[in-house]
Amino acid sequence: MKKDINRITFFNFLSILLLQGIAMISAPLFSRLLGTSGYGSLASFTAWSNMACIILSLQSNETIVNARQEYDEQAQPGYQSSIMALSILGFLVGGGILMVFAGLLKMERLTLLLILMNAFGIFAVNFLSSKFTYEFKADKNMLLSIFMSVANFGVSLLLVLNMPVEQRYYGRMLGGVISYFAVGAVGCIWILAKGKVPYRKDYWRLCLTLGIPLIFQNLAYALLGSSDILMLEQLAGASASGIYSYALTMAGIIFTIFTALNSSWVPFFYDDMKQGREEAVRSRASHFLELFTVLCAGFILLVREVFCIYADKSFWNGAELIPIFVVSYFVNMLCTFPVNFEILRKKTTVVAASTVAAALVNLALNYVLIRAMGMTGAAVATLLARVIQLAMHEWYTRCVLGKKDYPFPPLPGLKCTAALAVVFVLFYVLKDVWLLRWGLGAAIGLWELAQIRRRNGLM
């Protein structure tokens, strides 16, 4: 088991290094080519695509892990092809309805069509990624992620450079649509051909039973991550939305790292819990938490100068927002511990309800704080909403659901949260003293390396 998880972690982190290399090239390049307004318009298009993907896909890819618990290995290709067919049906029916009522949405049919095509492509690629993750095929997942990033970047750049300046964001938009839709279509055909089960009643029933509550959960989650961008564009203009989105993109490096760490150990979490190996779960979770805390702390201390180097001067105001985004991602990471346990216990309705409540709080806070504080208000609103979401999940798992069998102790989380809070304050106290911040970041990194060496020596 140790060998397997180390292999998976290696491929996930190799993927991160390559993907972030592409991101470090593409983000500053497109920020200069599109400008703050174009970047803001692109962010809105992406937000709408993600929400359409969540609703129309019926969240079928999220049920693959549950299917592995319900059916044997031989049944998995059939299950996957069946729920893929169900999701295609969801896109055809739901997309058709949206196209008919495009006028009521105050959206041009061409724009809506591009959103739907992009949404389908995102779904299909995510479906393949989920399949590879829960089949412990981290190498294939890595290749898929890298190919998508390279294709998206290459096609987008080609289109952007061949369009008038005022329409460049359309080129970036179309680059994503073309690359994701093409790969997604090929992936769909492969899944359907491999499984050869377009319909089976119990497969569809399991998918809908588990997936529909997750629509509300993930839609609310998307609103937590995107309502600030959409409302900023409406209340403060596309330029403010663009600066905010670019800062969020830079902070997204931390989210990408979290995703890699999470995808490394979550499949093992389900297997360990199934086999009653709770001590292994606690050990992996503690190491995961410690490592992610150190990465967040180092990122906060070092990011300001890196941001100003890579971003055009018109985006520099966004650097002050990044520590708030990083803390939000940290709170989101803490939330995954109770959420994974709730999903294991098939309490997807509870997961959805808490996220919906947090999203509604976020919308209200965005409306108030954006008017009062602009971009900073939007970032603070998202952070506060995530804290409320975490509190709800922790209360439910520890006081109602988990009781004695919830495997994650609270103390490591409290210690790591306190440590990151200190670093967060230090960033703003020392924001103009870069040498001290970088020195502190280096010291934290060396300490974590020593901890890793100590643990490996004990194993």
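The values are calculated or read from the model by the stated rules, or taken from the named source; none is laboratory data. The model shown is predicted, which means the values in this text are computed figures rather than measured ones. Neighbour counts run over all protein chains shown; Cβ positions are idealised from the backbone, glycine included.
List of remarks:
- Each residue in region 139-164 was checked for being among the aromatic types (Phe, Trp, Tyr) and in a loop (DSSP other than H, G, I, E, B), and 0 of them qualify.
- Here region 175-192 is the region considered, the condition is being among the aliphatic types (A, V, I, L, M) and free of Cβ contacts under 8 Å to residues at least 24 places away in the same chain, and the residue that is nearest to THR111 (Cα to Cα) is ILE178.
- Counting only residues that are crowded, with 17+ Cβ neighbours inside 10 Å and of a type outside the set (S, T, N, Q), region 137-174 holds 17 of them.
- Any hit, region 403-422, residues being crowded, with 23+ Cβ neighbours inside 10 Å and in a helix (DSSP H, G or I): no
- Checked against the criterion of being modelled with pLDDT of 80 or more, touching a helix residue (DSSP H, G or I) at 6+ places or on another chain (Cβ under 8 Å) and small (Gly, Ala, Ser), the candidates SER44, SER26 yield just one match: SER44.
- Leading residue by the ranking (surrounded by the most Cβ atoms within 10 Å (Cβ to Cβ)) among those in region 184-198 that are of a type outside the set (A, V, I, L, M, F, W, C) and more than 18 Å from CYS53 (Cα to Cα): GLY195
- Put simply, of GLN69, GLN80 the only residue that is of a type outside the set (A, V, I, L, M, F, W, C), modelled with pLDDT under 85 and closer than 30 Å to ARG205 by Cα is GLN69.
- Region 347-393: number of residues that are modelled with pLDDT of 85 or more and among the polar types (S, T, N, Q): 5
One line per residue, one yes/no per condition, for (1) small (Gly, Ala, Ser); (2) touching a Lys or Arg at 6+ places or on another chain (Cβ under 9 Å); (3) closer than 19 Å to TRP48 by Cα:
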| site | (1), (2), (3) |
| --- | --- |
| SER81 | yes, yes, no |
| GLY94 | yes, no, yes |
| ILE97 | no, no, yes |
| ILE115 | no, no, yes |
| PHE123 | no, no, yes |
| LYS131 | no, yes, no |
| ALA138 | yes, yes, no |
| MET142 | no, no, no |
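- Residues of region 229-253 satisfying the condition of being farther than 10 Å from SER44 by Cα and touching a Leu at 6+ places or on another chain (Cβ under 6 Å): ALA240, TYR244, ALA247
- Scanning region 227-244 for residues that are of a type in the set (S, T, N, Q) and either within 14 Å of ALA364 (Cα to Cα) or crowded, with 24+ Cβ neighbours inside 10 Å (or both) gives SER227, SER241.
- Annotation: of all residues in region 216-236 being within 20 Å of MET373 (Cα to Cα) and in contact with a Ser or Thr (Cβ under 7 Å, 6 or more places away or on another chain), the one that is modelled with the lowest pLDDT is LEU224.
- Test for GLY318: is it under 24 Å from VAL387 (Cβ atoms) and either surrounded by 22 or more Cβ atoms within 10 Å (Cβ to Cβ) or under 15 Å from the mean Cα position of the chain (by Cα) (or both): yes
- Flag for ALA102 being small (Gly, Ala, Ser), out of contact with any Lys or Arg (no Cβ under 7 Å at 6 or more places or on another chain), free of Cβ contacts under 8 Å to residues at least 12 places away in the same chain and farther than 20 Å from ILE215 by Cβ: no
- Looking across region 40-87 at every residue that is charged (D, E, K, R) and touching a residue at least 24 places away in the same chain (Cβ under 8 Å), the one that is surrounded by the most Cβ atoms within 10 Å (Cβ to Cβ) is identified as GLU62.
- Screening the candidates ILE343, ILE324 for the property of being farther than 17 Å from THR417 by Cβ and of a type in the set (A, V, I, L, M) yields one hit, ILE343.
- All of (1) outside any helix (DSSP H, G or I); (2) under 25 Å from the mean Cα position of the chain (by Cα) hold for ILE88 with one exception: (1).
- Taking region 54-74 as the range and being assigned to a loop (DSSP other than H, G, I, E, B) and under 21 Å from GLY95 (Cβ atoms) as the test, the residues that pass are SER57, LEU58, GLN59.
- Considering region 300-315, the residues that are among the β-branched types (Val, Ile, Thr) and surrounded by 21 or more Cβ atoms within 10 Å (Cβ to Cβ) include one that is nearest to PHE424 (Cα to Cα), namely ILE300.
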